[in-house]
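The values are calculated or read from the model by the stated rules, or taken from the named source; none is laboratory data. Remember, predicted model here, so these are calculated numbers, not experimental data. We place every Cβ from the backbone using ideal geometry, glycine too, and count neighbours over all the protein chains shown. Each accessible area value is taken on the protein alone, full model and side chains, heavy atoms only, with ligands, DNA and RNA left out. Shrake-Rupley method; radii C 1.70, N 1.55, O 1.52, S 1.80 Å.
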Amino acid sequence: MSRFWRHMCMACALAIGLSSAMAQEDSWPRTLPVDGGLVTIYPPQVDSMDGDTMRYRAALAYRPTQDAEPIFGAGWFESKVDVDRTRRIVHPRDLKVVQTRFPEGTADLQAALVSALAAESPGWNLDFSLDRLEADLQTVAAEQRSLQKLNTAPPDILYRDHPALLVTLDGQAVLRTIEDSPYQAVINTPYPLIFDGRSYYLNVAKDVWYRAERATGPYRFEAQPPSAIAALVQPNAESAALEAPAESVTAANAPEIVVATRPSELIVTEGPAVFVPLVDDLLVLQNSDDDVFMHVGSQQFYIVLAGRWYHAKSLDGPWAYRAADELPPAFANIPPDSEQADALTHVAGTVEAEQAVLDAQVPQTAAVARGPADVD
């Protein structure tokens, strides 16, 4: 049997199973036989209700055999609904498949689903509880309110045109006595930072130490830290300082230590910033590991951090938030095969951004063996 017809059979079973399962809320998930395998449909999740139109999604899993590893996917659906408030029943009708996502065969599966629904859905019983719909909509409303409160204030974005390393402290230094020693450790930083009563000794890489009079610096390269302090950094400790530097570090080439006690990001260039053309009206920073853009038309620098865009007139700031749907049009033209292609995920309206939204909405599922499972 051809792949298309296998997907057609699978699609019919999916659509029938979805409708049946929605009418039987106590039967989730439902596993249905299809030609050439089994399909599991997980509980639908309501995304929105606009007038009498309901939009929802469900995780799907296909197994060619009972013992095979599942191939996970997701479907997005839309229905008109009639509400019987006396019986507390919602009756969906005119079921439509809006989108599907599977690792392969997506185009065939989408076409098969649409065909199956057009032919079979008018006679299906899709009734389910109004209480469940209202609970789902309350969850959606709460998520939307939380998004409105999303903090878009920029972190401290710092710039250096020479080797530098950002060392973060979660607020002011917090000291704790190190067992069986006269020393104290700063516990709210990812790097070993040890205080001997007079100086702070910072270990940023294997055998690379700095010293300062205060936890926040300024730090100077220390070629020979006290042996007792160096011995406190154990070789098997889980520490960022254990990685060996790519080249020998000396006082002449030691990176500057930039200490931050607030959320911060550090942009470093090898010498003065050098920009090269990326697309029309958009340049990109060449001599840095950071993707920093210069929009020629507005003469503004742009950077994306944790999915949020910030812009400034200078690399030294001040930086301000810029919504993804307010970016200059040039950002949508970033080449998909360029080193900066990952930025497209955060540019509103691009295919990459739409795919990222769908991926984020895919219901998450996990199989847990009941016997040995231990939930903390």
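Of the listed requirements (1) under 18 Å from I267 (Cα atoms); (2) surrounded by fewer than 17 Cβ atoms within 10 Å (Cβ to Cβ), F301 misses just one: (2).
Which of the strands (runs of 3 or more DSSP E) found entirely inside region 178-271 contain at least 1 residues meeting this: acidic (D, E)? Spell out how you get there, then give the answer.
Values: elements: 184-186, 193-195, 200-205, 208-212, 220-222, 256-260, 264-268.
The qualifying strands (runs of 3 or more DSSP E) are 220-222, 256-260, 264-268.
May I ask you to list the residues in region 304-338 that are farther than 20 Å from D280 by Cβ, charged (D, E, K, R) and not in a loop (DSSP other than H, G, I, E, B)? Residues satisfying the conditions are R308, D325.
Only one of these is open to solvent by 40 Å² or more (accessible area, probe 1.4 Å), within 27 Å of D180 (Cβ to Cβ) and not charged (D, E, K, R): A252, A246, A228, A215. Name it. Talk me through it step by step, then tell me what you get.
Working: A252 fails: within 27 Å of D180 (Cβ to Cβ); A246 fails: within 27 Å of D180 (Cβ to Cβ); A215 fails: open to solvent by 40 Å² or more (accessible area, probe 1.4 Å).
That would be A228, the only listed residue that is open to solvent by 40 Å² or more (accessible area, probe 1.4 Å), within 27 Å of D180 (Cβ to Cβ) and not charged (D, E, K, R).
If you check G349 against the conditions, is it open to solvent by 30 Å² or more (accessible area, probe 1.4 Å), closer than 20 Å to D280 by Cβ and either modelled with pLDDT of 90 or more or among the aromatic types (F, W, Y) (or both)? In short, no.
Taking the condition of a type in the set (S, T, N, Q), under 30 Å from A273 (Cβ atoms) and touching a residue at least 60 places away in the same chain (Cβ under 8 Å), does T216 pass? Break it down into steps so the answer makes sense when it comes.
On the way: of a type in the set (S, T, N, Q): yes; under 30 Å from A273 (Cβ atoms): yes; touching a residue at least 60 places away in the same chain (Cβ under 8 Å): no.
The answer is no for T216.
Picking from residues in region 72-95 that are part of a strand (DSSP E or B) and open to solvent by 60 Å² or more (accessible area, probe 1.4 Å), the one that is farthest from V46 (Cα to Cα) is F72.
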